[in-house]
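The values are calculated or read from the model by the stated rules, or taken from the named source; none is laboratory data. Note that the coordinates shown come from a computational prediction; the quantities given were computed from them, not determined experimentally. Positions of Cβ are backbone-derived with ideal geometry, glycine not excepted, and every protein chain shown enters the neighbour counts. Only protein heavy atoms, including side chains, enter the accessible area calculation; ligands, DNA and RNA are left aside. Shrake-Rupley method; radii C 1.70, N 1.55, O 1.52, S 1.80 Å.
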Amino acid sequence: MTVSRREILSAGAASAAATAASAGSRAPRFLWGAASAGHQVEGNNVSSDAWLLEHVQPTVFKEPSGDACDSLHRWREDIGIVRSLGLNAYRFSIEWARIEPEPGQWSLAMLDVYRDMVDRCREAGITPVVTFSHFTSPRWFAARGGWEQPDAPARFAEFCDRAARRLADGIGYAVTFNEPDLQPLGKWALTPPGPKALAALAAMTAAADRACGSDRFSLFTTGPWDVVGPNVLEGHRRARAAIKAARADLPVGLSLALPDDQAVGPGSRIGEKRREVYEPFFELARDDDFIGVQTYNRSRIDAHGTLPPPTGARFTQVGDEYYPEALGGAVRYAHAATGRPVLVTENGVATEDDALRADFIPRAVRSLQAAVADGVPVVGYIHWSLLDNFEWFSGYGPKFGLVAVDRQTFRRTPKPSAHVLGRIARANAVV
Ligand code: BGC
């Protein structure tokens, strides 16, 4: 039984890697990793839109990111932890705001830092999975209207071009956008953002306008979807072209927020949701090398819309239903809809109780193994997150990390769940 499970995962990984990475030589093994994102761990990302929004009044951020985990100075230690746990992949993002802090002002020194990170990963036998846009943009970009501007795709592609020319030969997988489907997905939430939340967001944006003398500050993909949606899709196309121009065989894709949607009862609106939320991105992904899947929970949908979690459900620290098996359903669907190999770029649970995370990981991975056994090509599993970090509007409250971070000393302490994932990685399966 044990042996066959191992074989299942390795076989799936091998065939998927062959397809995903005609790149192949760079990513032949099943990837077991942990993820981070620049703004959430680096600290003092002062030229970014998020930093400004954290400091205006009023703001919806519970607290500013500040030093975050100080990973800008401690990334060697972070990569060392990934390695010591027995993982072979590290997903991190590069901050456009650091690389182009003012329009046309390119920081070669900052590109060198990211280059060093990529190289260090390689020396440590770790495949770097690099995200080019993980929510944040430079403050100047947001002040000009962000993804609402007609030239946003071109500006983003220029950044991708600069970054890819410096980094691409060392990267294992490139992710253009992190969860660009959040806005349409939000409309299907059990409680979509109400007038109060939208008013708070608008007041914060108005404060950002005042702070930078703008009248069109626009955060990530929060602007009108009929404008922002097409620009983001075009941004992906152009970013992919820029990255491929730097290295044609580097696998490129995007990562979607993808709950496990489950139809309940007759006449479920699941098809409508899927067409509305994911299909525009899947259409793009069909020309990509892989589809990035980020799953935290399930969503049950009947003829009227999204249902509340069933009676007796357990909840995570951020109010999601605790349902580790969601991962299997999500990857099956992502592959069926795109025909592409799947890279799980995020999966995790917010909890102060690490025993829950230690329970979550093997259950999620088992659901993944079952999908692989049924023929879904999966190239890797990357857990969110390596570190307890800055959880956006919620500040440092929610704990997603495999590793605790002391907020005064930045000392990192791996939690027992980190070793659970490490053991799975070493065995290449849940055994
Ligand atoms: C995002 C991360 C975030 C995590 C947990 C994902 O939506 O990519 O930046 O911290 O989920 O909420």
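Taking every DSSP beta bridge that has both ends in the chain, the antiparallel portion is near 15%. A simple spin-label model places pseudo-atoms 7 Å from Cα toward Cβ; at ALA373 and LEU108 they are separated by 5.5 nm. The residue among GLY194, TRP384, PRO362 whose Cα reaches farthest toward the positive pole of the charge dipole of the chain, with charges on the beta-carbon of Lys, Arg, Asp and Glu, is PRO362.
When a 1.4 Å probe is rolled over the protein heavy atoms, the share of accessible surface on the chain that falls to carbon and sulfur comes to 53 percent.
Assuming charge only on the beta carbon of Lys and Arg (+1) and of Asp and Glu (-1), the dipole of the chain about its Cα centre is about 880 debye to the nearest 20. For the range 251-265, the residues whose backbone nitrogen is under 20 Å from a point 7 Å from the Cα of THR311, taken along Cα to Cβ, are 264-265. Between ALA241 and ASP119, the C-beta separation translates, for a Förster distance of 30 Å, into a calculated FRET efficiency of about 0.75. Computed over neighbours whose Cβ is under 15 Å from that of GLY271, the net charge equals 0, Lys and Arg +1, Asp and Glu -1.
Counting 0.36 nm for each residue step from GLN262 to ALA189 and taking away their Cα separation leaves a gain of 24.9 nm.
Each Lys and Arg contributes +1 and each Asp and Glu -1, all at the Cβ; summed about the Cα centre of the range 294-378, the dipole is approximately 300 debye. Across the range 386-431, Cα pairs under 8 Å and at least six residues apart give a relative contact order of 26 percent. Rounded to the nearest 500, the 222 nm mean residue ellipticity of the chain from helices alone is -13500 deg cm²/dmol, with -39,500 (n - 2.57) taken per DSSP H run of at least 4 residues. Which one of PHE315, GLY422, ALA404 is farthest out on the positive end of the charge dipole of the range 304-431, using unit charges on Cβ (Lys, Arg +1; Asp, Glu -1) and the Cα centre as origin? Positive-end residue among those listed: GLY422.
Accessible area per residue for the chain is 37 Å², calculated with a 1.4 Å probe on protein heavy atoms, without ligands, DNA or RNA.
DSSP beta bridges confined to the range 283-431 are antiparallel in about 35 percent of cases. Here the translational diffusion coefficient of the chain follows from Stokes-Einstein with Rh set to the Kirkwood radius across Cα pairs; for 37 °C and 0.692 mPa s it amounts to 152 µm²/s.
About its Cα centre, the dipole of the range 341-431 is roughly 300 debye, where the only charges are +1 on Lys and Arg Cβ and -1 on Asp and Glu Cβ. Taking every alpha-carbon pair under 8 Å whose residues sit at least 6 apart, the chain reaches a relative contact order of 21 percent.
Only one residue of TYR90, LEU31, PRO280 has its Cα farthest out toward the positive end of the dipole of the chain, where Lys and Arg carry +1 and Asp and Glu -1 on Cβ, and that residue is LEU31. Look at the alpha carbon pairs under 8 Å that are at least 6 residues apart: their mean separation over the length of the range 99-254 gives a relative contact order of 35 percent.
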